[in-house]
Amino acid sequence: MFTCLSHDIIAHETTHALLDSIHPRFNESTNPDVLAFHEAFADIVAIFQHFSFPEVLSDQIARTRGDLESQSLLGQLAQELGQALGRGAALRDALGGMKDGKWQAHQPNPKLLEGAKGPHARGAILVAAVFRAFLSMYRSRIVDLLRIASNGSGILPAGALHPDLVNRLAAEASKSAKHILQMCIRALDYCPRSM
Ligand SMILES: [Zn+2]
């Protein structure tokens, strides 16, 4: 397994380096969530990069019939490394995970943060929250397209989606991903800076 060939891992690690140069003190673990933020931010950048590859995006939109809340590669990080580690699943998944041999969406759990230990586990909660915000933005932006494609019912007929619809859904997903990633990056400028 060559992690140097994994786009997700390179995007994640590069983001750590960029964050270090903007906020060097974010590397000092003054409380458990400082390093958790580092991990979360690196995952957020890596995940939303997925939406900048038009072929991957269209393929996943077609497979999920536009429902990005179902299992897709878009919300998962480092699938190959996860498999190589014997997890039978991606290294991290913002939306769900394998349970009893089947992928299931995570249920919201307000007590999760209390029990989460370590920067990756705590960071995953922030990643999931940002990804959920992205999904609701995407859902509200495609509601008209779904109505047009379903004679007003909003419920798509069974079968493969028309390629034109796939392209329009992909365009909305990619635009929403760009917007939410920009919001997250801009937030760094609002954080206190120390020299
Ligand atoms: Zn990391």
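Residues to consider are R139, R92, R122; find the one that is within 26 Å of L165 (Cα to Cα) and at pLDDT 85 or above.
Working: R92 fails: within 26 Å of L165 (Cα to Cα); R122 fails: within 26 Å of L165 (Cα to Cα).
After applying the criteria, what remains is R139.
Can you tell me how many residues within segment 1-16 are open to solvent by 90 Å² or more (accessible area, probe 1.4 Å) and among the charged types (D, E, K, R)?
Number of matching residues: 1.
Looking at L165, L161, L169 in this structure, which one is in a loop (DSSP other than H, G, I, E, B) and surrounded by 18 or more Cβ atoms within 10 Å (Cβ to Cβ)? Give the derivation first.
Numbers: L165 fails: in a loop (DSSP other than H, G, I, E, B); L169 fails: in a loop (DSSP other than H, G, I, E, B).
The match here is L161.
So the check is Cβ under 8 Å with 6+ separation or different chains; which pairs have a first residue in segment 45-59 that's within 17 Å of L165 (Cβ to Cβ) and in contact (Cβ under 8 Å) with a residue 40 or more places away in the chain and a second one that's open to solvent by less than 60 Å² (accessible area, probe 1.4 Å) and small (G, A, S)?
P54/A170; P54/S174; L57/A170; L57/A173; L57/S174; S58/A170
Which one is nearest to L18 (Cα to Cα) among residues in segment 44-90 that are among the β-branched types (V, I, T) and in contact with a helix residue (DSSP H, G or I) (Cβ under 6 Å, 6 or more places away or on another chain)? Steps first, answer last, please.
Residues of segment 44-90 among the β-branched types (V, I, T): 44-45, 47, 56, 61, 64.
Retained after the next criterion (residues that are in contact with a helix residue (DSSP H, G or I) (Cβ under 6 Å, 6 or more places away or on another chain)): 44-45, 61.
Values: I44: 13, V45: 11, I61: 31 Å.
Applying the filter and picking the extreme gives V45.
Hey, which of the helices (runs of 4 or more DSSP H) in segment 31-149, taking only ones fully inside, have at least 3 residues that are within 16 Å of the ligand (Cβ to nearest atom) and buried (at least 21 other Cβ atoms within 10 Å of the Cβ)? Let's see the steps before the verdict.
Working: elements: 32-49, 54-64, 79-84, 112-115, 119-148.
Of the helices (runs of 4 or more DSSP H) lying wholly inside segment 31-149, those with at least 3 residues that are within 16 Å of the ligand (Cβ to nearest atom) and buried (at least 21 other Cβ atoms within 10 Å of the Cβ) span 32-49, 119-148.
Limited to segment 125-156, what total is found for residues that are touching a helix residue (DSSP H, G or I) at 6+ places or on another chain (Cβ under 7 Å) and of a type in the set (A, V, I, L, M, F, W, C)? If you could, list the steps in order and put the result at the bottom.
Of segment 125-156, the ones touching a helix residue (DSSP H, G or I) at 6+ places or on another chain (Cβ under 7 Å) are 125-127, 130-131, 133-134, 137-138, 141-142, 145, 149, 154, 156.
Now narrow it down to the ones that are of a type in the set (A, V, I, L, M, F, W, C): 125-127, 130-131, 133-134, 137, 142, 145, 149, 156.
Number satisfying all stated conditions: 12.
Regarding segment 17-28, can at least one residue be identified that is in a helix (DSSP H, G or I) and either crowded, with 22+ Cβ neighbours inside 10 Å or within 11 Å of the ligand (Cβ to nearest atom) (or both)?
Of segment 17-28, the ones in a helix (DSSP H, G or I) are 17-22, 24-27.
Then drop every residue that is not either crowded, with 22+ Cβ neighbours inside 10 Å or within 11 Å of the ligand (Cβ to nearest atom) (or both), which leaves 17, 19.
Within segment 17-28, one or more residues are in a helix (DSSP H, G or I) and either crowded, with 22+ Cβ neighbours inside 10 Å or within 11 Å of the ligand (Cβ to nearest atom) (or both).
The values are calculated or read from the model by the stated rules, or taken from the named source; none is laboratory data. Source: prediction; values computed, not measured. Reconstructed Cβ throughout: ideal geometry from the backbone, glycine too, with neighbour counts over all protein chains shown. Protein only, heavy atoms only, side chains kept; ligands, DNA and RNA dropped before computing areas. Shrake-Rupley method; radii C 1.70, N 1.55, O 1.52, S 1.80 Å.
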